[in-house]
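Structure record follows, encoded as structure tokens.
Please treat every number below as a calculation from the coordinates, not as lab data. Worth saying up front: this structure is predicted, and the values here are computed from it rather than measured. All Cβ positions, even for glycine, are placed from backbone atoms using ideal geometry, and neighbour counts span all protein chains on display.
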Amino acid sequence: MTRADSHRIPRALKALVLLLLGAGAARAQNSPPAYSEYRADALVGRGTSAQLGIGAVIPGGVYSRISADGAAGATWRRGGTHASGRVDVIARFLLDPFREAPVGLSFGAGVSVPYVDGDAHVRPYLTLVADIEGRRRSGLTPALQIGLGGGARVGIVLRRSVSRWR
């Protein structure tokens, strides 16, 4: 590493810290509070899985949401049924964060770490999703999520977001 490179690293670090501090201040003023989500998923890849899950959605600003979910269920493969579960962390970009349209669309990416009883290795998968959210009813917003991550996935999601925000 040259002397010029050693000066660039602290500048880049300072810029990153300032960006994160600015984003945190903007988030505190212009985004909704965190909320919960409940889900039922079907995954088809190295077996077929059906899982139920729960998680938290943390706003990353006006247009972004970061969800952390855990799910458990069963996986059918190799002629048997196995207990399974997974942990997902996904960041989504919302096209209609203020509920101006009756249906909202978002796209996201993240990581999924599945576990199937009897597997020797647990490995993370890149996950890509698209969500279609419906109208909020009785404090819950239903959504259909489709994507890829350890196989094809389809999920029904119920989110407890506040009435003004998706």
For T48, net neighbour charge (Lys/Arg +1, Asp/Glu -1) across residues whose Cβ lies under 12 Å away: +3
Charge tally in the Cβ shell below 15 Å around V122, where Lys, Arg are +1 and Asp, Glu are -1, V122 excluded: 0
Residue order, fewest to most surrounding Cβ atoms within 10 angstrom, among W165, W76: W76, W165
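Would you work out the relative contact order for the stretch 32-159, in percent, from Cα pairs under 8 angstrom that are 6 or more residues apart?
22
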